[in-house]
Amino acid sequence: MATERTFSIIKPDATKRNLTGAVNAVIEEAGLRIVAQKRILMTRAQAETFYAVHSERPFFGELVDFMISAPVVVQVLEGENAIAKYREVMGATNPANAAEGTIRKKFALSVGENTVHGSDSAENAQIEIAQFFAGNDIVG
Ligand code: GDP
């Protein structure tokens, strides 16, 4: 297995409840390394670009409003098989279907307010990391 990097967002429902450290603890316990991290308030344009793939979905407006409703923490995570590994650690999109021990099972409030984002492919990880970090912001 290769060492990979994936892109993560700790979403507004979590930052509002002061859960950044609690989420990071689950990430680190899973063997992933946080190699870049910053807390930002996304602009509407940033959120719309980030979720452009969902722009035709009925929940798009709600999703963008949610993502700009409070600060988020954007992160780069590194580790063996990090992209698939983090998807596992996050749990299912809908917390009702998330496995025990996953971040979404522990913390998510609903299918929309579901605490974290993680890239779903190597290609998207690269695109998403580049939207928020320059190469020299990432220190492995
Ligand atoms: P993910 O890769 O597990 O985050 O899931 P998706 O790519 O399918 O969806 C992206 C994000 O859109 C999810 O994490 C949710 O925050 C949001 N989302 C998905 N489905 C719904 C929905 O039915 N309602 C709302 N409000 N948001 C949704």
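The values are calculated or read from the model by the stated rules, or taken from the named source; none is laboratory data. These figures come from a predicted structure and were not determined experimentally. Neighbour counts are summed over all protein chains in view; Cβ atoms, including those assigned to glycine, are modelled from backbone coordinates with ideal geometry. The protein model used for the area step is the full one, side chains on, heavy atoms only, and it has no ligands, DNA or RNA in it. Shrake-Rupley method; radii C 1.70, N 1.55, O 1.52, S 1.80 Å.
Please enumerate the residues belonging to the stretch 1-21 that are farther than 24 Å from G140 by Cβ, touching a helix residue (DSSP H, G or I) at 6+ places or on another chain (Cβ under 9 Å) and surrounded by fewer than 22 Cβ atoms within 10 Å (Cβ to Cβ).
Selection gives P12, D13, R17, L19.
Out of all the residues in the stretch 102-134, which are polar (S, T, N, Q) and either within 13 Å of the ligand (Cβ to nearest atom) or under 11 Å from the mean Cα position of the chain (by Cα) (or both)?
Let us first name the residues in the stretch 102-134 that are polar (S, T, N, Q), namely 102, 110, 114-115, 119, 121, 124, 126, 131.
Residues satisfying the conditions are T102, S110, N114, T115, S119, S121, N124.
Residues that are surrounded by fewer than 17 Cβ atoms within 10 Å (Cβ to Cβ) and not acidic (D, E): does the stretch 75-83 have at least one?
Yes, there is a match, as at least one residue in the stretch 75-83 is surrounded by fewer than 17 Cβ atoms within 10 Å (Cβ to Cβ) and not acidic (D, E).
Confirm whether E123 is surrounded by fewer than 13 Cβ atoms within 10 Å (Cβ to Cβ), of a type in the set (D, E) and assigned to a loop (DSSP other than H, G, I, E, B).
No, not satisfied.
When the residues of the stretch 32-51 are filtered to those that are in contact (Cβ under 8 Å) with a residue 60 or more places away in the chain and out of contact with any His (no Cβ under 9 Å at 6 or more places or on another chain), which remaining residue is most open to solvent (accessible area, probe 1.4 Å)?
Filtering the stretch 32-51 for residues that are in contact (Cβ under 8 Å) with a residue 60 or more places away in the chain and out of contact with any His (no Cβ under 9 Å at 6 or more places or on another chain), the one most open to solvent (accessible area, probe 1.4 Å) comes out as R33.
Considering the stretch 62-77 alone, what residues qualify as being within 13 Å of the ligand (Cβ to nearest atom) and either in contact with a Cys (Cβ under 7 Å, 6 or more places away or on another chain) or among the small types (G, A, S) (or both)?
Within the stretch 62-77, S69 is the sole residue that qualifies.
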